[in-house]
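The values are calculated or read from the model by the stated rules, or taken from the named source; none is laboratory data. What you see is a predicted model; the values in this text were computed from it and never measured. Here Cβ is always computed from backbone atoms with ideal geometry, including for glycine, and neighbour counts include all displayed protein chains.
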Amino acid sequence: MVEDHALMRSLVVDAFRQRGFDAVAASSAPDALEQAAAFDPDLLVTDIDLGERPNGVELATILRQRAPHVAVLFLSNLSREAAATHARSTVEGASFVNKSAIESVEELVDAAEAVLADRPVAREQTGSDARARLLSLTAAQLETTRLLAAGLTNAEIARRRGVSVRAVEKSVERVFATLGLTGGERSAPRVAAATLYTATFGDPTTGL
């Protein structure tokens, strides 16, 4: 959640957490990008006008380049038509909420869940080898893969990274999707991901 007004930011983050989301708050685009590198978000909720550059649209564009799976919901005081045109012409699949039109923060969370349900699906890279796919992971996904390759369970990875098990499960699923790993048994893609990481970077237990 990226919002330069502290009260609004706090209210929205609290509402998301009450609905079971793992949510972090940022007051600016640089702050948001720094947190995203470790948090590996599914959704970006951001005001368009953040009081300084980069603005919300520029932030979403940068984040999408790094993590195409991220859903985007813009907040704005612009008219519905103006906000929609501005956002959608820049960030594919983005949606928006007019701040002055919502009656409760719960409406915003409902809108966010709708955006998540319709978020972009990461396209499998064709013509790229497995190592290239591994190197395309975000920093947080790569760290998850390292810990996975070191033999840690999802719960242990969650404790190590300071996030919920649910967040780790989603991150692992995105890692498998990006690497093109599938299988009826959950252990099969885990073994393949671990093998690929070790072959590319060496001993994954270094630094544990």
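For Asp42, the requirement of being touching a strand residue (DSSP E or B) at 6+ places or on another chain (Cβ under 9 Å), modelled with pLDDT of 85 or more, within 27 Å of Thr145 (Cβ to Cβ) and not hydrophobic (A, V, I, L, M, F, W, C) is not met. Among the conditions (1) part of a loop (DSSP other than H, G, I, E, B); (2) of a type in the set (A, V, I, L, M); (3) under 22 Å from Val24 (Cα atoms), the only one that Leu181 does not satisfy is (3). Filtering region 34-41 for residues that are surrounded by fewer than 15 Cβ atoms within 10 Å (Cβ to Cβ), outside the structural domain of Ile157 (by TED's automatic domain parsing) and charged (D, E, K, R) leaves a non-empty set.
The rows are residues; the columns are (1) over 24 Å from Leu33 (Cβ atoms); (2) modelled with pLDDT of 85 or more; (3) of a type outside the set (A, V, I, L, M).
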site	(1), (2), (3)
Ala112	no, no, no
Leu116	no, no, no
Gly127	yes, no, yes
Leu148	yes, yes, no
Ala155	yes, yes, no
Val165	yes, yes, no
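Cβ-Cβ distances below 6 Å connect no pair with a first residue in region 20-32 that is outside the structural domain of Val70 (by TED's automatic domain parsing), a second residue that is in a helix (DSSP H, G or I) and small (Gly, Ala, Ser), and a separation of six or more residues or different chains.
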